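Engineer: Here it is, the structure in full.
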Amino acid sequence: MLQGTFRPLMPFSIETLTIASIALSFLFFGYGPLQAALPSLVEYLATIIVIFFLGRKMFNVYFGGVASFLYATAPFVVGYTTRALPDIFTGLTVAIACYYLYDAIELKSERAMFLAGFFIALTMLIKTAGAIMIASFLIGLAYLYAHKKFRKNKRMLAYAFVGMVIPLAAMMLYFYAFTRDPFFNLYVLATAFLVPSRSTLINNIRAFNISINPILLITIQDWRNLGNIPLSASPMGLIIIFAIFGGIIGAVRKNKFIEFISLLVLIPIFYIFFGTESLTQYTPIYVVSRYPDIVAAPIAILAAYTLNALYIAIKKESNVAASFIIIIMLVFATFLNLPSYESLYYFNHGIKSYATIYSMVLHYLSNDNLSNVYLANTLQVLDGDYLDFLSGYRMNFSSVGPICTPSYYGAIIINSFNFEAEQNNASLISWIDDNCSLVNIASYKVDTGPNLWTEGELFKIVPR
């Protein structure tokens, strides 16, 4: 993007605003892993602020703080604040949409309804899966206008649609300009997942149980060893339990804003666990714990709504007791998140370990002025791209062919792996065959947790 050569031609290049946010970070702060992750951190902090102001409007300054705290400590959010991913950014736009939606419903503000529609539609330019938020918003509007007092003000509905049309039209014009297909991102989404899914419906049902089951959350600490569960599924914490009760309380009280944002939560959550990755056939989604980040803000608001209702009920008897109980519940909710924090910490530390090792490797290679290096890793192309990025595109990293030949003699090869090393080493031994031998010239190891580690090795390829 910064060089003017960017083209949206593959699945990971269609999330335009996410890539633009990272490009701006590089523009102002230079290239590097920290700069790549910086937008997510800024978006996380911005979402906390938006939730606080919305909570202050709905409740008071204290429960605005409670809502922000619940979001800020949610494990499915915290683990991704240092990752160059679109989920937290998408969640920020949903938070802003909820902020304006409150004014639209409570104050009958047409301007606020326009902005709510605008920011909901903007999610698709950040993450194509934001289409589920647009569908949920439309269902929420239909539910809202089924009631007589809202049906009278049809202008608000028109303002919502106009707000949605603007970013969607910009998105279609953008893709038409580059690909001659205004729905190119949807086409990519429909065709990118035609391979067999990495998950099954049964696995996703189990993952759903782990994510929201309060009994499992309280009684089982090592949820990672519960059987054939996608490794990325993890408990969402008590925040989701509070949110469910918030939706129920809001429905009983016929609070239209709470009912609306309940739909904004329920529809995407159920789609994440039981929907399809492909638009042309049913392909169960491989559930990743960051996916609910997109609706983390309305989840936090619903959770705060529950705690606020509880506070008001107890306050009638004792103000001190009400405050004490809310504090205890927040502390307890945070305590239950500790196993998830630990797992996410080691996961992210494992990712960081590769950056650390590759930086060491690059330092060694740069001292020897080597320009052409081969990779023997499982993800050769992806690791090659990352090494290109870390080196500032000053070296040429190539993937090895199917087997070692004399053409590789004298070259340097990188082999990196984690604690699951046996399979990786076996593939490397198979690659050298009877033609080549490897001389170890450098090794690097980073501990990433109890019995967890990442290692990188540099070899020189010589004749056998």
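The values are calculated or read from the model by the stated rules, or taken from the named source; none is laboratory data. Every value quoted in this text rests on a predicted model; they were computed, and no experiment measured them. Here Cβ is always computed from backbone atoms with ideal geometry, including for glycine, and neighbour counts include all displayed protein chains.
Engineer: Count, please, the residues in the range 134-173 that happen to be of a type in the set (Gly, Ala, Ser), without any contact (Cβ under 8 Å) to a residue 24 or more places away in the chain and in a helix (DSSP H, G or I).
Structural biologist: Matching residues across the range 134-173 total 3.
Engineer: Moving to a separate point now. Among the numbered criteria (1) modelled with pLDDT of 95 or more; (2) surrounded by 19 or more Cβ atoms within 10 Å (Cβ to Cβ), which one does Tyr80 miss?
Structural biologist: Every condition holds for Tyr80 apart from (1).
Engineer: For the range 324-339, name all the residues that are surrounded by 14 or more Cβ atoms within 10 Å (Cβ to Cβ) and at pLDDT 95 or above.
Structural biologist: Ile325, Ile326, Met329, Leu330
Engineer: Checking the condition in contact with a helix residue (DSSP H, G or I) (Cβ under 7 Å, 6 or more places away or on another chain) and within 30 Å of Asn153 (Cβ to Cβ), which residue from Leu54, Leu2 passes?
Structural biologist: That would be Leu54, the only listed residue that is in contact with a helix residue (DSSP H, G or I) (Cβ under 7 Å, 6 or more places away or on another chain) and within 30 Å of Asn153 (Cβ to Cβ).
Engineer: Go over the candidates Tyr341, Tyr364 one by one and state the one that is part of a helix (DSSP H, G or I), not charged (D, E, K, R) and not assigned by TED's automatic domain parsing to the domain that holds Asn418.
Structural biologist: Result: Tyr341 is the single residue among Tyr341, Tyr364 that is part of a helix (DSSP H, G or I), not charged (D, E, K, R) and not assigned by TED's automatic domain parsing to the domain that holds Asn418.
Engineer: To continue, here is another question. If you go through the range 270-285 one residue at a time, do you hit one that is assigned to a helix (DSSP H, G or I), of a type in the set (Val, Ile, Thr) and out of contact with any helix residue (DSSP H, G or I) (no Cβ under 6 Å at 6 or more places or on another chain)?
Structural biologist: Checked the range 270-285: no residue is assigned to a helix (DSSP H, G or I), of a type in the set (Val, Ile, Thr) and out of contact with any helix residue (DSSP H, G or I) (no Cβ under 6 Å at 6 or more places or on another chain).
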